[in-house]
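What follows is calculated from the coordinates using simple rules that are stated; it is not laboratory data. The shown structure was predicted, so the numbers you read here are calculated from the model rather than taken from an experiment. Please note: Cβ atoms are built from the backbone with ideal geometry, for glycine as well, and neighbour counts cover all protein chains shown.
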Amino acid sequence: MHNPNHKLISVIIPIYNEELNIATLYDRVSVVMKSLKQNYELIFVNDCSKDSSLFLIKQLALKDSCVKFIDFSRNFGHQIAVSAGLEYSSGDFVAIIDADLQDPPELISDLYQKINQDYDVVYAKRRSRKDKNILKKMAYKVFYQLLSVISQVNIPLDTGDFRIIRRNVVDQLIKMPEQNKFLRGQIAWLGFNQTFIEYDRDARAAGEPGYSYRKLFRLALDGIISFSNMPLRLATISGFLVFFLSLVIICYTLYSYFFKSSTPQGWASLMISVLFIGGTQLMTIGIIGEYIGRIQNDVRQRPLYVLRDTNIQLKDK
Ligand code: UDP
Ligand code: MG
């Protein structure tokens, strides 16, 4: 029962086709939350699941007043689902957890103990991953290494969004207007007192991963582009390099035209330089395009998501 002297902890759970996991997840999270002896709310964000996830969540909401739900009008993606959860949360602390039980719910208790030692963010760092997919595992490793080398903010290695954050951080986070969300980067950018605890990441309990390779690639690109201008700088540098290289080639061409009597064969070098310059131009335009696309997203100022339904009352919405 709600006790006004207790703190409120919100747990945000993004859901995309998780019908096989919802019951276990709900049981395990509820046990943990009850053990903390505080008030809590579970915010299920249904990212337009195609299975019976929404039905199951609504059933839970009927028998447990701690269960809140948000239902999206279409699939907006995991990062936006979490962002919506953050906006609709009212806890003094907010925990974010995946629905597929890869993040053990029991760890919320450790996260909570830790944040009470005067921290603002406690994220869960993966000591190991039990993903079945070797390719995905490697891609993650490469991505995190690359990001840490080129980003201007110190984004912690090997962490997802599984973490607990304090209200002050949530309030700042939902004020950040960018449309292409990369929450773990944004939270790192915000600063405050951050720390981590380590855990072994389990394999997905049941169902199929909602993150396709395309979605993962998009997330990786958002992470890199939102937190680094390195690709733009590379474009500039390669542009300059090619420019100077072509100056050299031009000088050589002029020299051989005026001072060498032999007929120039030329075809190979012509092709090489045309292709080289053309290729570099296309590449740099592409990189610039990626940035412009994101500027465009932010300038349009569309809402981040559209709701079909929710049982959460927002005072200021
Ligand atoms: N998810 C979502 N929308 C999507 C894809 C995934 O809300 O479009 C949710 C999914 O239900 C899960 C979490 O995001 O709770 C992480 O997804 P997944 O397990 O597929 O990601 P992975 O563990 O492979 O990174
Ligand atoms: Mg998963």
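What would the Debye formula give as log10 I(q)/I(0) at q = 0.11 Å⁻¹ for the alpha-carbon point model of the chain, no solvent?
After summing over all Cα pairs, the log10 values are -0.73.
Hey, if you put +1 on the Cβ of every Lys and Arg and -1 on every Asp and Glu Cβ in the chain, which of ASN46, CYS66, ILE134 ends up farthest toward the positive end of that dipole?
Projecting each Cα onto the dipole axis, the largest value belongs to ILE134.
What is the gain in length, in nm to one decimal, between PHE217 and LYS175 on full extension, counting 0.36 nm per residue of separation less the C-alpha to C-alpha distance?
Once the chain is fully extended between PHE217 and LYS175, it gains 12.6 nm.
Given a cut-off of 24 Å, what percent of all Cα-Cα pairs of segment 70-173 lie beyond it? All intermediate terms of the calculation are to be shown ahead of the outcome.
Working: 1693 of 5356 pairs.
Here the long-distance tail beyond 24 Å is 32 percent of all Cα pairs in segment 70-173.
When the gyration tensor of segment 193-239 is built from Cα positions, what are the square roots of 5 times its three eigenvalues, in whole Å, from largest to smallest? Working shown, then result.
Numbers: eigenvalues 199, 72, 12 Å².
Listed largest to smallest, the semi-axes of segment 193-239 are 32, 19, 8 Å.
Radius of gyration and Dmax for segment 5-107's Cα atoms, expressed in Å?
12.5, 40
Mark the label point 7 Å from the Cα of ALA23 along Cα→Cβ and return the residues of segment 30-63 whose backbone N is within less than 19 Å of it.
So the set is 30-32, 50-63.
So if I place +1 on the C-beta of Lys and Arg and -1 on the C-beta of Asp and Glu, and nothing else carries charge, what would the dipole magnitude of segment 1-151 be about its Cα centre? I want it in debye, nearest 20.
On the way: 19 positive and 18 negative charges, 110 e Å.
For this selection, approximately 520 debye.
Quick one: if you take sqrt(5λ) for each eigenvalue of the C-alpha gyration tensor of segment 163-300, what semi-axes come out, biggest first, whole angstrom? Could you put the intermediate results ahead of the total?
Values: eigenvalues 482, 67, 39 Å².
Working through the eigenvalues yields semi-axes of 49, 18, 14 Å.
log₁₀ I(q)/I(0) of segment 114-243 at q = 0.14, 0.16 Å⁻¹, via Debye over equal Cα point scatterers, no solvent, to two decimals?
One equal scatterer on each Cα of segment 114-243 leads to -0.73, -0.93.
Let me spell out the model: positive unit charges on the Cβ of Lys and Arg, negative unit charges on the Cβ of Asp and Glu, origin at the Cα centre of the chain. What dipole size does that give, in debye rounded to 20? Let's see the in-between values first.
Values: 38 positive and 31 negative charges, 100 e Å.
Approximately 480 debye in magnitude.
Is it possible to state the helix-based mean residue ellipticity at 222 nm for the chain, with each DSSP H run of 4+ residues giving -39500 (n - 2.57), the sum divided by total residues, to the nearest 500 deg cm²/dmol? What is it? Working shown, then result.
Values: 10 runs with 156 residues, N = 317.
After summing the helix terms and dividing by residue count, I get -16000 deg cm²/dmol.
Determine how many Å³ per residue the convex hull of the Cα atoms of segment 216-259 encloses. The partial results should precede the final answer.
Values: hull volume 2.4 nm³, N = 44.
Residue-normalised Cα hull volume stands at 54 Å³.
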